[in-house]
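Working notes, beginning with the structure itself.
The values are calculated or read from the model by the stated rules, or taken from the named source; none is laboratory data. Only a predicted model underlies this, so the values are computations on that prediction, with no experimental measurement involved. Cβ atoms come from the backbone with ideal geometry, glycine included; neighbour counts cover every protein chain shown. We work out accessible area using only protein heavy atoms, side chains counted, and drop any ligands, DNA or RNA first. Shrake-Rupley method; radii C 1.70, N 1.55, O 1.52, S 1.80 Å.
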Amino acid sequence: MTLPSQRSLLAMAGYLFAAACAVLLCACYIAGRAALPPRWTAAVAAGALCVPATQFTIRPADKATVTGFMSAYLVFAALPLLAGRYVAAQRKAAEQERLRERSGIAREMHDSLGRRLSLAAVQAAALEVCDLPAAQHAAITRLATAIRASVTELHEILGVLHSERPRGRGMSAAGNLIEEFRAAGATVSAWSRGTPRSLPRQAGETAYRVIEEGLTNAIRHAPGRPVSVATVWEAGTLQLTVVNPADCREYTPGSGLADLAGRLSHLGGSLGHEVADGQFRLHASLPATRGRGVTVLGLAVGILLLVILPVAVLLGVR
């Protein structure tokens, strides 16, 4: 068996060194953007010395080698790390500005909408204790319950606007949402196919919003008519469909659907709607995976390069 020549092994080591530098550049930039604690940032910066330091195994430790080492470290480690930290700082500043704007919106909602809902809740509570026929009393009770739930939900939304914390409503809460609409008098049928899976937080909240928006539009545009909600779990995809009767041939989507379309597009999904055969159909498709495949693959490639590189260099010296 003929062993590869020293020149071939050194050439292989050079290619692997270039690939490792590329992986190092991406890793340092990602680490910088992640805004790690100072000690972890220092650990990444120190660990990044390993890749450019491998050239000392095949070249003498003279001035040129030291200069090459410092240049490689600066270009492939230090600068990407600093660039990532800069992007993270800009993102944090933008988030703080957005939080200030959200707080202003929350104050306006509390002062106007919150006051009106509170007054409506008081008036509904007064009607509940009135001597009314059974049917009217039941309708007033449903109305009062809906208003009180709206006040509670408004306070939750105001808390989200103030603190940036997630509302935490995902597909696990979709059943309760449907029951709320049924309790309010809506005729809602729901069915599911496939094995439910845990969704990333943003995907779960968006899926919940699709069902909520679909049911809200159904009772607004077709009150008293039946509504169906279909949930289909496929390989890597969640399909949601909300169908209700429609008397009009054309339907102009409002801001709610436009906002949902943007959120779904950001997640890699899609939103569509159509009116056909006297029915309005709202359909959403969104990824049902946590997107770890690329991260795991990149980590595996990086480890492989960093393990093969020193071995190839050592073989090249022999």
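When restricted to residues that are in contact with a Leu (Cβ under 8 Å, 6 or more places away or on another chain) and of a type in the set (G, A, S), the range 68-123 contains 4.
Yes/no per residue for (1) in a helix (DSSP H, G or I); (2) open to solvent by 80 Å² or more (accessible area, probe 1.4 Å); (3) over 30 Å from L161 (Cα atoms); (4) at pLDDT below 75:
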residue: F56; (1), (2), (3), (4): yes, no, yes, yes
residue: A64; (1), (2), (3), (4): yes, no, yes, yes
residue: A78; (1), (2), (3), (4): yes, no, yes, no
residue: K92; (1), (2), (3), (4): yes, yes, no, no
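Look at the range 127-146: where a residue is touching a residue at least 24 places away in the same chain (Cβ under 8 Å) and open to solvent by less than 80 Å² (accessible area, probe 1.4 Å) and a partner is in a helix (DSSP H, G or I) and not basic (K, R), sitting 6+ places away or on another chain with Cβ atoms under 8 Å, you get T145/A183. Residue check: is L9 within 30 Å of L161 (Cβ to Cβ) and modelled with pLDDT under 80? Criteria not met by L9. Of all residues in the range 218-244, those satisfying the criterion of being open to solvent by less than 70 Å² (accessible area, probe 1.4 Å) and among the hydrophobic types (A, V, I, L, M, F, W, C) are A218, A222, V227, V229, A230, V232, W233, L238, L240, V242, V243. When H266 is tested against (1) exposed (fewer than 12 other Cβ atoms within 10 Å of the Cβ); (2) modelled with pLDDT under 75; (3) not small (G, A, S), only condition (2) is not met.
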